[in-house]
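The values are calculated or read from the model by the stated rules, or taken from the named source; none is laboratory data. Nothing here was measured: the structure is a model prediction, and the numbers come from that model. Here Cβ is always computed from backbone atoms with ideal geometry, including for glycine, and neighbour counts include all displayed protein chains.
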Amino acid sequence: MPLHCGNETECLHFESRAGFHRRTRRNQPISPIIETNKLERIQIRGAEDPSVRWNGAFAVYGGHGTTQSSTIVYEIEPGGRLGWHTDATEETQYIIAGTGELQLEDGSTHQVGPGSVFVLPTPLRHDLVNVGNETLRAVAFFAAAMFTQTFDNVMLPPNTHVLGTPNRNG
């Protein structure tokens, strides 16, 4: 049901789909569809730990397709892992393929595989290890348009403990 207002392009309205209401702007295009399988991946490696090795790409982040969230696609080859780190914002992960072991700072471990979804609240220190024999593929959703991750290891590139969205410096 549209709200009545003077400026049609700024008028907000509500849509109902199966009882879910969302607020949208009229004539505002949605973010473009991202073909994540075509995104160039950056190879990330641990400077001191050869098991820290994964490839990732930002699908969207603040100012580049979103205003309040960020999304990363990444892969870990068999025997590799993300590396122990803490995120500056809440993270939700969805495992597309492969088998992993989610390790948490309290010593607990959780097996994850295709279809697994888990939420990592801030500031929970964690790691994800590929324990299978195929590539682990996942999507990580972050509840901020700009964020950082602080790793225990120095990460290459860029030879620092801190990784994050490209817009984090400005």
Of Ser16, Ser31, the only residue that is modelled with pLDDT under 95 and within 21 Å of Arg168 (Cα to Cα) is Ser31
Condition set over 26 Å from Glu40 (Cβ atoms) and among the hydroxyl-bearing types (Ser, Thr, Tyr), scope segment 69-115, selection surrounded by the most Cβ atoms within 10 Å (Cβ to Cβ): answer is Thr86
Conditions (1) under 16 Å from the mean Cα position of the chain (by Cα); (2) under 16 Å from Asp152 (Cα atoms); (3) of a type in the set (Asp, Glu) -> Glu35 fails only (2)
Residue set Tyr61, Tyr94; condition within 13 Å of Val139 (Cβ to Cβ) and out of contact with any Phe, Trp or Tyr (no Cβ under 6 Å at 6 or more places or on another chain); output residue Tyr94
Reported set for segment 154-170 where residues are assigned to a strand (DSSP E or B) and in contact with a Lys or Arg (Cβ under 9 Å, 6 or more places away or on another chain) is Met155, Leu156, Val162
